[in-house]
Amino acid sequence: MISPDLQMFKLIIHFSICLSLFPLIHSGLIPRTPKLHSVEEGKGKLFFALDVWGLGKLHGRKIEWYNVTTEDGYILALHRILPNSSMDEEKSPRPVVFLQHGLMATSDAFIVYGSPKSLGYQLSDAGYDVWMGNFRGNTYCLSHETLFTDDSKFWDFSMDEYALQDLPAQIDFALKTANQSTLSFIGHSLGATTHIMLLSARPEYNKKMDFVVYFAPVVYSVTRTHLRDILPAVALIPQIFSRNGAVEVFSQKILSPLTIYFCASTRSLLELCQSWMDQLVGYDRDQFDLREFLGVMSYYPAGTSAKVIFHYSQQTLTGTFRRYDYLTSELNIQHYGTPVAPDYDVSAIDVPQMAIFRGPGDVVTTEEDMKFFIQSLSPQQSVIYETVKFPTFNHGAFISARDLKPLVNDLVLEYLQKYYQRKNEP
């Protein structure tokens, strides 16, 4: 066992390394990772990432790409997995399942590992109409009707805009295009958190839900962890560049795969990098295949606004679940009409069925956090709470675990099948 003091020391060391690299990462000297449509286009390039079309082609799948404009002008990429050619495409209607990625990720997360691990493909093969959303500011969503990415106004958004602008715009578009009135939703980490915000603040979206699945949602932070101890410092880093947080951070640049290339060069460096991942998401050497992970690191992180990081750290440090706090009563009154940022009332959530999954090795969201969230829901809300049956399954494992299919995905499909069987009973 590693002592708590040693864990904290290692976390501080890793944070210090990140702090020293931050000015370099955001200096403009490091180019973005090229997003290409095919492996052939990548010939001669040291690092590149396939976009969803390229990943689909690599995996023998077809994916549709839609552009969805939010009420405040952001143009978001929304991706839809078409049925496998071996399936009966005339079988309709296919129940819609909407997947939403976590912090600093993209829709790639649900297909990048291919079959049989990737949940997007598994759901599609099971007969679902699979849509994958993206948040503003990631590598797929760098366009706006009037703003450009070199304008700080483009980056002036928090988790509130993810929840109250991006999600409803994409959900409504998917439902309209599929000619459906309801869908099932699956969100990982921040993708789950923002959906909880949406259902809490806009009750009409509860009526558009069928089965809701949350993987490791970060809602109320009621317990102290080593990762949370350094959040005040993490939240301060971007203020080097912008006092209000309206600046791009952790964009999809070649430093990430370059760092991984460095990590893979020797066994001792590989262990050092593995230790860094342990501190971020939880220790899990059995389910986390670092060498496999190295192969997809061109895809992560994929960018966000510093204001999103601020918002996340506010909630994690205070244990509250509320809108972005502008830190002065005057600014909060200006934005909300109240001196304190308003809470998201999770007791307003009213969906037909909810399932929450958490890994025992998760250091981002704890067992106590999950229990507090569930107790805060309406007593009438039906909830299935699943602890993944693997002792070290951590926060990131919901995307990358070796045994993701039998440990999580198969169970999700079983729940969905049972739900729709009941729903469609005469």
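Within segment 124-137, at least one residue is touching a helix residue (DSSP H, G or I) at 6+ places or on another chain (Cβ under 7 Å) and surrounded by fewer than 24 Cβ atoms within 10 Å (Cβ to Cβ). Taking residues in segment 113-140 that are closer than 20 Å to Tyr66 by Cβ and touching a residue at least 12 places away in the same chain (Cβ under 8 Å), and partners anywhere that are part of a strand (DSSP E or B) and among the basic types (Lys, Arg), the pairs with Cβ atoms closer than 6 Å and at least 6 places apart or on different chains are Trp131/Arg80. Does any residue of segment 204-221 turn out to be at pLDDT below 95, in a helix (DSSP H, G or I), in contact with a helix residue (DSSP H, G or I) (Cβ under 6 Å, 6 or more places away or on another chain) and not aliphatic (A, V, I, L, M)? No, segment 204-221 has no match at all. Restricting to segment 112-129, name every residue that is assigned to a loop (DSSP other than H, G, I, E, B) and of a type outside the set (A, V, I, L, M). Scanning segment 112-129 gives Tyr113, Gly114, Ser115, Pro116, Lys117, Ser118, Gly127, Tyr128.
Screening Thr365, Thr338 for residues that are under 16 Å from Val218 (Cα atoms), outside any helix (DSSP H, G or I) and of a type in the set (S, T, N, Q) leaves exactly one candidate, Thr365. Please tell me if Thr304 is within 22 Å of the chain's Cα centre (by Cα) and at pLDDT below 90. Taking the combined requirement at face value, the residue does not satisfy it. Of the residues in segment 104-123, at least one is closer than 21 Å to Tyr419 by Cβ, in contact with a Pro (Cβ under 9 Å, 6 or more places away or on another chain) and modelled with pLDDT of 95 or more. Answer yes or no as to whether Pro203 is surrounded by fewer than 24 Cβ atoms within 10 Å (Cβ to Cβ) and closer than 27 Å to Arg61 by Cβ. The answer is no for Pro203.
Looking across Leu317, Leu411, Leu416, Leu331, one residue alone is in contact (Cβ under 8 Å) with a residue 12 or more places away in the chain, part of a helix (DSSP H, G or I) and surrounded by fewer than 17 Cβ atoms within 10 Å (Cβ to Cβ). It is Leu317. State whether the residues of segment 297-306 include one that is among the β-branched types (Val, Ile, Thr) and under 20 Å from Leu164 (Cα atoms). For segment 297-306, residues among the β-branched types (Val, Ile, Thr) and under 20 Å from Leu164 (Cα atoms): present.
Checking Thr392 against (1) touching a Ser or Thr at 6+ places or on another chain (Cβ under 7 Å); (2) at pLDDT below 90; (3) surrounded by fewer than 22 Cβ atoms within 10 Å (Cβ to Cβ): exactly one of these is not met. Which one? The one condition Thr392 does not meet is (1).
Restricting attention to segment 125-142, which residues are of a type outside the set (D, E, K, R) and under 20 Å from the mean Cα position of the chain (by Cα)? Once the filter is applied, which keeps residues that are of a type outside the set (D, E, K, R) and under 20 Å from the mean Cα position of the chain (by Cα), segment 125-142 yields Val130, Trp131, Met132, Gly133, Asn134, Phe135, Gly137, Asn138, Thr139, Tyr140, Cys141, Leu142.
For Phe398, are the conditions met, namely being under 19 Å from the mean Cα position of the chain (by Cα) and either outside any helix (DSSP H, G or I) or modelled with pLDDT of 95 or more (or both)? Here the answer is no, as Phe398 does not meet what is asked.
State whether one or more residues within segment 347-354 are surrounded by fewer than 16 Cβ atoms within 10 Å (Cβ to Cβ), out of contact with any Lys or Arg (no Cβ under 9 Å at 6 or more places or on another chain) and part of a loop (DSSP other than H, G, I, E, B). Within segment 347-354 (the criterion being surrounded by fewer than 16 Cβ atoms within 10 Å (Cβ to Cβ), out of contact with any Lys or Arg (no Cβ under 9 Å at 6 or more places or on another chain) and part of a loop (DSSP other than H, G, I, E, B)), the answer is no, since none of the residues qualifies. Of the residues making up segment 94-103, one or more are surrounded by fewer than 20 Cβ atoms within 10 Å (Cβ to Cβ), touching a helix residue (DSSP H, G or I) at 6+ places or on another chain (Cβ under 9 Å) and farther than 26 Å from Val218 by Cα.
The values are calculated or read from the model by the stated rules, or taken from the named source; none is laboratory data. If you're wondering where the values come from, they're calculated on a predicted model, not measured in any experiment. FYI the Cβ positions are ideal-geometry reconstructions off the backbone, even for glycines, and counts take in every protein chain you see.
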